[in-house]
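No value in this document is a laboratory result; all are computed from the given coordinates. None of the values given here were measured: they were computed from a predicted structure. Note: ideal-geometry Cβ built from the backbone for every residue, glycine included; neighbour counts use all protein chains shown.
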Amino acid sequence: MFAIWATAPRARFVLTVACGILVLVAHVILFWHYTREPDPLLCQVALALLSLGFLIICLSAMQYLGVPDHRRAIAPTFAAMAICAAVTFMGLDGIGFVITYATVTALLSTIGAMFWINGSHDRRILLVVSFLSGTCALSFALCGVVLMTKGQWTLGVAPDNWAERLNSVVAVACMTGLGALTLSLHHLQAQIELKAETMTDPLTGLMNRRGLTSIYGERTFGPFMAIVMFDLGRSDDLTT
């Protein structure tokens, strides 16, 4: 993804996705160390990276879809991360896990909803993105529900139950799929931009002859219909 962004700097959302996945990889490494050697500080950092990674991926979705006001996602996420760090510092790491899982569930649900509502391109790809995001969100939600159901507010170690094991498989599969779909979305966006450039005049932004032909090329006009085209130009030596 970094290589794709280097060749196409305009595709900023690809760079954002790559940074988000990089943060999640750091989370996986730290969480693996936490399972071997539990440490409260390591737990706080691992949970913060999990929320931060999915926040960055959510911001990449906003970039791709042109959704404004990123603060709507940033402010609540950082607030949840601060609360999680506070309760984990007090020894209630189980609550910290629940808060983090709820945050990630909200971010993934937001991604799926944004692609479903705001997507105006190939609905098949957007449907798959929404499905993967929703499935991953559900797996994180189950992890939080299991901890709350068992009342595990203080763990001291990494949680281990059927929901966690299911989440390990689902999250990896879904994130791998979303990473592959990011490349598809990049190619789709490039095709849309290329088509727009070939169908419109670069100066005025109006549709050119190729664009009109693509719409009316095979249409048969009656005796009382006509098309008039004007080629408007400007000369620098003309004054008004």
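Full-extension gain between LYS150 and LEU22, please, as 0.36 nm times their residue separation minus the C-alpha to C-alpha distance. List each step's numbers first, then the result.
Details: separation 128, 0.36 × 128 = 46.08 nm, distance 3.26 nm.
Working it through step by step, the gained length comes to 42.8 nm.
Computed on alpha carbon atoms, what radius of gyration and Dmax characterise the stretch 1-143, expressed in Å?
15.8, 48
What residues qualify as long-range amide H neighbours of THR200, i.e. H under 5 Å apart, gap of 5 or more or another chain, H built at 1.01 Å from N?
Close amide H contacts, sequence-distant or interchain: ASN208.
Order of 131-138, 96-103 by packing, highest average Cβ count within 10 Å first? Spell out each step's value before the answer.
Values: 131-138: 20.6, 96-103: 24.2.
For the peptides 131-138, 96-103, the packing ranking is 96-103, 131-138.
At what distance in nm do the modelled label points of ARG219 and ASP160 sit from each other, each positioned 7 Å from its Cα along Cα→Cβ?
Taking the two extended label points, one gets 6.9 nm.
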